[in-house]
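Participant: Sending over a structure as structure tokens; questions will come in a sec.
The values are calculated or read from the model by the stated rules, or taken from the named source; none is laboratory data. What you see is a predicted model; the values in this text were computed from it and never measured. Reconstructed Cβ throughout: ideal geometry from the backbone, glycine too, with neighbour counts over all protein chains shown. For accessibility, only protein heavy atoms count, side chains too; no ligands or nucleic acids. Shrake-Rupley method; radii C 1.70, N 1.55, O 1.52, S 1.80 Å.
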Amino acid sequence: MLQKKVLIIVPAYNEEDRIKKTVEEILSTGIAAKVLVINDGSRDDTAKKAKSSGAHVISLPFNTGIGGAVQTGFRYAFENDFDIACQVDGDGQHDVSYIGALIKPILENESDMVIGSRFVPPFMGYQSSFVRKIGINFFSHLISFLCSVKITDPTSGFRAYNKKMIHIFSQSYPADFPEPEAIMIARLYGARVKEIPVEMRKRQTGHSSIRYLATLYYMIKVTFAILLNLLKGKKSNAATTYVRST
Amino acid sequence: MSLKILSVLVGLFSFFLVIELVRREKLTFKYAFGWLFIALLAVFFSIFDRTLEGMAHWLGFELVSNFIFFVLLCFFVFLSILLTTFLCEQDSRNDAMAQKIGILEMELKEFKERIEGKDG
């Protein structure tokens, strides 16, 4: 089998305390991949620290949000003809030793998109807060129902994508609530989405974007965003021809 | 009668203001066109105010002023939605540009490093 080109996309915003460790952990897994940190307009030394630890760094001139940062990675992957893109958060929450397991279903052409889930047996080690769990549960059921595929961890940002998905998301990636919305979009394109069990740590730096008091408001907004995606209708497979646009 | 003159003047003022803004390149024709059309419409209805009255009564408005306020309100709601779509379009173009710049900047830096490495 030919060696596949793998890109590991690490979106990071003000993660100078954790980024070095995250990059070093990824590099120490020994996976033949290019590690690309997307410094999303950080005001601290995220870019410098990522570069010194051996990653390639794209610095965006201003903060575009997680969706914009991840899409930059997809653009780069598409323009440089990568076969697989793997998304790992820069805050050290994801246990990078699972990257191999994450890209395996793509290498074996079982899936187009693989999501690392905290809630698939046997691990289920990471326990998030009660309110957050309600939110995740709600979206898990909603997306599973709408996409007719079982998704237990729709907000997980620990993912892998094949060339088809790289092409689709390099052109358009949701900006508002990228993780759950991306699943919907992938399904609209008829993508095969699969979850694999992974372990995650509690967030070590930064703050979760889902705050306790804002959970309900967040849930309503995301539900609307998801339902609006549904209205966009089935997508053609025109974007799957892998022809690079100029 | 003086009210009629005033409203014609306001309409004409808006019309020439927009033209002046296009001339000074503060507005592009694409966005100015709609305003010119509305200004002319305002002048037309100021002169032929009977038409406006007829329309208002036909639609069931007791007062013509209420009809005018209603039309204006609808217009501004529609305009706000339109402006929001422009804003979103600009926003995503801005993001796409930032992403392109970021990628190009990294590639340029890496290219420079490679050249410097060869020279050194």
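Participant: Would you check if A:PHE123 is out of contact with any helix residue (DSSP H, G or I) (no Cβ under 8 Å at 6 or more places or on another chain) and at pLDDT below 95?
Facilitator: yes
Participant: Which of the residues that make up the range A:68-82 are facing chain B (nearest Cβ under 7 Å), open to solvent by less than 10 Å² (accessible area, probe 1.4 Å) and closer than 10 Å to A:PRO11 by Cβ?
Facilitator: Within the range A:68-82, A:GLY68, A:THR72 meet the criteria.
Participant: Do we have any residue at all in the range A:29-36 that's within 9 Å of chain B (Cβ to nearest Cβ) and either in contact with a strand residue (DSSP E or B) (Cβ under 6 Å, 6 or more places away or on another chain) or under 27 Å from A:ILE183 (Cβ atoms) (or both)? Give the derivation first.
Facilitator: Taking the range A:29-36 first, the residues within 9 Å of chain B (Cβ to nearest Cβ) are A:36.
Then keep just the ones that are either in contact with a strand residue (DSSP E or B) (Cβ under 6 Å, 6 or more places away or on another chain) or under 27 Å from A:ILE183 (Cβ atoms) (or both); that gives A:36.
Scanning the range A:29-36 turns up at least one residue that is within 9 Å of chain B (Cβ to nearest Cβ) and either in contact with a strand residue (DSSP E or B) (Cβ under 6 Å, 6 or more places away or on another chain) or under 27 Å from A:ILE183 (Cβ atoms) (or both).
Participant: Only one of these conditions is not met by A:ASP44: (1) away from chain B (no Cβ under 14 Å); (2) in contact (Cβ under 8 Å) with a residue 40 or more places away in the chain; (3) of a type in the set (Asp, Glu). Which number is it?
Facilitator: (2)
Participant: Could you name every one of the helices (runs of 4 or more DSSP H) located completely within chain B that has at least 1 residues being modelled with pLDDT under 90, among the basic types (Lys, Arg) and within 30 Å of A:SER172 (Cβ to Cβ)?
Facilitator: Those helices (runs of 4 or more DSSP H) span B:29-47.
Participant: So, A:ASP91, is that one of a type in the set (Asp, Glu) and either open to solvent by 10 Å² or more (accessible area, probe 1.4 Å) or part of a helix (DSSP H, G or I) (or both) or not?
Facilitator: So A:ASP91 fails the test.
Participant: State which residue pairs qualify: first residue under 10 Å from A:VAL57 (Cα atoms) and inside the range B:104-116, second residue surrounded by 11 or more Cβ atoms within 10 Å (Cβ to Cβ) in any location, beta carbons under 7 Å apart, and separation of 6 or more residues or different chains.
Facilitator: Going by the 7 Å Cβ cut-off, the qualifying pairs are B:GLU105/A:SER59; B:MET106/A:HIS56; B:MET106/A:VAL57; B:MET106/A:ILE58.
Participant: Right, here's the next one. Kindly establish whether A:ILE99 is part of a helix (DSSP H, G or I), more than 14 Å from chain B (Cβ to nearest Cβ), among the β-branched types (Val, Ile, Thr) and touching a residue at least 60 places away in the same chain (Cβ under 8 Å).
Facilitator: So A:ILE99 fits the description; yes.
Participant: Just name the residue that is surrounded by the fewest Cβ atoms within 10 Å (Cβ to Cβ) out of those in the range A:50-67 that are more than 9 Å from chain B (Cβ to nearest Cβ) and within 17 Å of A:VAL88 (Cα to Cα).
Facilitator: The residue in question is A:GLY54.
Participant: Just a yes or no: is a residue in the range A:94-102 open to solvent by 30 Å² or more (accessible area, probe 1.4 Å), out of contact with any strand residue (DSSP E or B) (no Cβ under 6 Å at 6 or more places or on another chain) and among the acidic types (Asp, Glu)?
Facilitator: Taking every residue of the range A:94-102 in turn, at least one turns out to be open to solvent by 30 Å² or more (accessible area, probe 1.4 Å), out of contact with any strand residue (DSSP E or B) (no Cβ under 6 Å at 6 or more places or on another chain) and among the acidic types (Asp, Glu).
Participant: Looking at the range B:105-116, which of the residues that are farther than 18 Å from A:VAL70 by Cα and within 12 Å of another protein chain (Cβ to nearest Cβ) is least open to solvent (accessible area, probe 1.4 Å)?
Facilitator: Of the range B:105-116, the ones farther than 18 Å from A:VAL70 by Cα are B:108-116.
Now drop any that are not within 12 Å of another protein chain (Cβ to nearest Cβ), which leaves B:108-110, B:113.
Details: B:LEU108: 96, B:LYS109: 114, B:GLU110: 32, B:GLU113: 93 Å².
It comes out as B:GLU110.
Participant: Can A:ASN109 be described as out of contact with any Pro (no Cβ under 9 Å at 6 or more places or on another chain) and in a loop (DSSP other than H, G, I, E, B)?
Facilitator: Working: out of contact with any Pro (no Cβ under 9 Å at 6 or more places or on another chain): yes; in a loop (DSSP other than H, G, I, E, B): yes.
Here the answer is yes, as A:ASN109 does meet what is asked.
Participant: Is it fair to say A:PHE139 is open to solvent by 10 Å² or more (accessible area, probe 1.4 Å), assigned to a helix (DSSP H, G or I) and either at pLDDT 90 or above or more than 14 Å from every other protein chain (Cβ to nearest Cβ) (or both)?
Facilitator: no
Participant: Kindly provide the set of residues from the range B:59-104 that are out of contact with any strand residue (DSSP E or B) (no Cβ under 7 Å at 6 or more places or on another chain) and within 10 Å of chain A (Cβ to nearest Cβ), ordered by number.
Facilitator: Result: B:CYS88, B:ASP91, B:SER92, B:ASN94, B:ASP95, B:ALA96, B:MET97, B:ALA98, B:GLN99, B:LYS100, B:ILE101, B:LEU104.
Participant: Restricting to helices (runs of 4 or more DSSP H) lying wholly in the range A:1-86: which have 2 or more residues that are within 30 Å of A:ASN109 (Cβ to Cβ)?
Facilitator: In the range A:1-86, A:19-28, A:65-79 are the helices (runs of 4 or more DSSP H) which contain 2 or more residues that are within 30 Å of A:ASN109 (Cβ to Cβ).
Participant: Would you say B:SER92 is surrounded by 11 or more Cβ atoms within 10 Å (Cβ to Cβ) and hydroxyl-bearing (Ser, Thr, Tyr)? Before you say what the answer is, go through the steps one by one.
Facilitator: On the way: surrounded by 11 or more Cβ atoms within 10 Å (Cβ to Cβ): yes; hydroxyl-bearing (Ser, Thr, Tyr): yes.
Yes; evaluated as a whole, the condition is true for this residue.
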